[in-house]
Amino acid sequence: MENFDRKKHWETIYTTKESEHCSWFQPTPVTSLEFIGQYGLSKSSKIIDIGGGDSFLADSLIEKGYTDITVMDISEAALERAKQRLKNKANQVKWIVGDAARFAPPEKYDLWHDRAAFHFLTDQRDVESYSITAKNALNEQGILVLGTFSENGPKKCSGIEVNRYSQEGLSKVFEQGFKKLKCVNVDHPTPFNTTQNFTFCSFQRLTN
Ligand SMILES: C[S@@+](CC[C@H](N)C(=O)[O-])C[C@H]1O[C@@H](n2cnc3c(N)ncnc32)[C@H](O)[C@@H]1O
């Protein structure tokens, strides 16, 4: 999609649609929390949620006692919505408006999480840029947790095309500098009583 303005697209979504009417709405990010809970992270570990939007992951992480959480998203309106919901707890989160394909992370992280944002990068150069950024932004031994539509998932989301990934396909993108830890496929029940099949994988950043 040439000349497609993805920031404009997402600002429009978040200023016109309620969270509960979005297919990705998930009151408890079960799979993400299961992955994040597996790696013995300390509560002070640096965690970033890429394309976090107004997801409830930050709420759940605060609830569990994590103290260094960053949420990054291309849409300012999405982050504003999350801040409004979190009220005074919003101060416990660092918020960054940015594009994951052109992102210069301000610090290094112990865990990089992304549910349903990476798959919107359909230009191969953006995919490569993302994987290099994630690698450079993670501390050695840091963990990358990624959830994308699977090869059996929808071809589009919010009206735009996505790249769908099998477990093998996603592992291939992150084979340079990472060790694969685990992949699963899970069905996400949407608010419209349909399901979307996701591939979730975790990778560990190798030491240089
Ligand atoms: C399907 S929603 C998922 C939101 C959230 N991760 C969740 O699980 O509820 C995709 C999110 O990715 C964000 N996004 C899309 N493209 C992006 C990009 N290039 N950089 C950063 N965020 C992006 C959108 O604004 C939106 O919040």
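No value in this document is a laboratory result; all are computed from the given coordinates. Remember, predicted model here, so these are calculated numbers, not experimental data. Here Cβ is always computed from backbone atoms with ideal geometry, including for glycine, and neighbour counts include all displayed protein chains.
Counting alpha carbon pairs within less than 8 Å and at least 6 residues apart, what relative contact order, in whole percent, applies to the range 23-139? Here the relative contact order equals 28 percent. Here is the short version for the chain: Cys22, Cys157 have no other Cys C-beta closer than 4.7 Å. When the listed pairs Lys7/Lys172; Lys89/Lys155; Lys94/Lys179; Lys8/Lys179; Lys155/Lys179 are checked against a 32 Å cut-off, the alpha-carbon distance exceeds it for Lys89/Lys155; Lys8/Lys179.
Sequence gap at least 6, Cα distance under 8 Å: using those rules, report the relative contact order of the range 10-75 to the nearest whole percent.
Contact order relative to length: 38 percent.
Farthest towards the positive end of the charge dipole of the chain, among the residues Met72, Ser150, Gly169, is the Cα of Met72, using unit charges on the Cβ of Lys, Arg, Asp and Glu.
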